[in-house]
Structures are given as structure tokens and as C-alpha cells.
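Q: Input: one structure, supplied below.
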Amino acid sequence: QVQLVESGGGLVQAGGSLRLSCTASGRTFSRYAAGWFRQAPGKEREFVSTISWSCGIRYHNDCVKGRFTISRDNAKNTVYLQMNNLKPEDTAVYYCAARDSVNAKTDGFEYDYWGQGTQVTVSS
């Protein structure tokens with residue numbers, strides 16, 4: 001029943017910033033944990049960041065910690081990924097995911113709903 005739509009991707013040069021948004025329709029985000037994953041060409045999907053529904057628990061991939069920040073606005077059924085100081089290795093399709101649980105998880109198989117992805121390309 002939950003549908004997720006990502007937006008905010010694009011082309012940016014190294015050192016730039018982007019903010020990704022993931023908006024849920026059909027049902028509220030209020031009782032769902034949410035996360036961001038990414039997949040680069042020729043690479044397997046990797047975890048980026050996740051947040052519990054209450055915003056009290058957050059986990060981050062060590063590669064993006066200090067550069068990326070996850071947040072959510074349950075009133076808007078939206079989760080965000082603020083990406084600063086982007087690097088070429090951040091280039092990937094970024095996917096928003098939601099889990100029918102209040103608890104944040106870092107494994108993709110723990111999630112029930114997925115967006116279609118948004119492309120982020122970072123040029124050097």
C-alpha cells in the first residue's frame with residue numbers, strides 16, 4: 001500500500017551538495033523506519049543511512065558519516081538525505097526504503113517498500 005518516490009538527484013561536481021527527498025503515499029511514514037541505499041554500476045547495493053520512525057535512532061555507512069545526514073518529517077511523510085561534500089564515488093542510483101516497523105535497520109532485506117531510485121552523478 002505504501003508507495004515511495006525519490007527526488008532531488010542530479011548531476012553535481014565534486015564538493016557540491018544535494019538533498020534527496022523520499023515521499024510516501026498511501027500511508028503515513030509515522031510508524032515506519034526508513035533508509036537510504038545506493039547502487040553504482042557494477043556494484044552491489046549498499047546501505048547508506050537509516051532512521052527510526054521516532055528519529056531517535058540513526059545509523060550511517062562509515063563512508064558517508066560526517067558528510068550525509070538523514071532526517072524525516074512525518075507530517076509530510078517525507079525522509080531526506082542531505083549530501084554534502086559529494087565525491088565521485090558517491091555516484092549511484094539512490095533508493096529510499098521503508099520498513100513496517102519502528103526500528104531502524106541496515107540490511108536491505110529488512111525493508112518492505114522501495115522507491116524507484118534517483119540518479120546521483122558526481123563529476124570530478
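The values are calculated or read from the model by the stated rules, or taken from the named source; none is laboratory data. For clarity, every value in this text was computed on a predicted model and none was experimentally measured. All Cβ positions, even for glycine, are placed from backbone atoms using ideal geometry, and neighbour counts span all protein chains on display. What goes into the accessible areas is simple: the full protein's heavy atoms, side chains included, and nothing from ligands, DNA or RNA. Shrake-Rupley method; radii C 1.70, N 1.55, O 1.52, S 1.80 Å.
Q: Could you tell me whether residue 46 is surrounded by fewer than 19 Cβ atoms within 10 Å (Cβ to Cβ), in contact with a strand residue (DSSP E or B) (Cβ under 9 Å, 6 or more places away or on another chain) and acidic (Asp, Glu)?
A: Yes; evaluated as a whole, the condition is true for this residue.
Q: Among the candidates 86, 81, single out the residue that is of a type outside the set (S, T, N, Q) and within 13 Å of residue 37 (Cα to Cα).
A: Of 86, 81, the one residue that is of a type outside the set (S, T, N, Q) and within 13 Å of residue 37 (Cα to Cα) is 81.
Q: State the number of residues belonging to segment 32-43 that are surrounded by 14 or more Cβ atoms within 10 Å (Cβ to Cβ) and at pLDDT below 95.
A: Residues flagged as surrounded by 14 or more Cβ atoms within 10 Å (Cβ to Cβ) and at pLDDT below 95 within segment 32-43 amount to 4.
Matching residues to (1) out of contact with any Asp or Glu (no Cβ under 7 Å at 6 or more places or on another chain); (2) basic (Lys, Arg); (3) without any contact (Cβ under 8 Å) to a residue 12 or more places away in the chain; (4) in a loop (DSSP other than H, G, I, E, B):
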{"site": "82", "(1), (2), (3), (4)": "yes, no, no, no"}
{"site": "86", "(1), (2), (3), (4)": "yes, no, no, yes"}
{"site": "97", "(1), (2), (3), (4)": "yes, no, no, no"}
{"site": "103", "(1), (2), (3), (4)": "yes, no, no, yes"}
{"site": "106", "(1), (2), (3), (4)": "yes, no, no, yes"}
{"site": "109", "(1), (2), (3), (4)": "yes, no, yes, no"}
{"site": "120", "(1), (2), (3), (4)": "no, no, no, no"}
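Q: Go through segment 51-80 and give me each residue that's assigned to a strand (DSSP E or B) and farther than 18 Å from residue 110 by Cβ.
A: Selection gives 65, 68, 69, 71, 73, 78, 80.
Q: Here's another thing I want to ask about it. Which one is farthest from residue 75 (Cα to Cα), of the residues in segment 12-31 that are among the β-branched types (Val, Ile, Thr) and at pLDDT 90 or above?
A: Ranking the candidates gives 12 first.
Q: For residues in segment 78-124 being farther than 26 Å from residue 15 by Cβ and over 14 Å from the mean Cα position of the chain (by Cα), which is most open to solvent (accessible area, probe 1.4 Å)?
A: Ranking the candidates gives 109 first.
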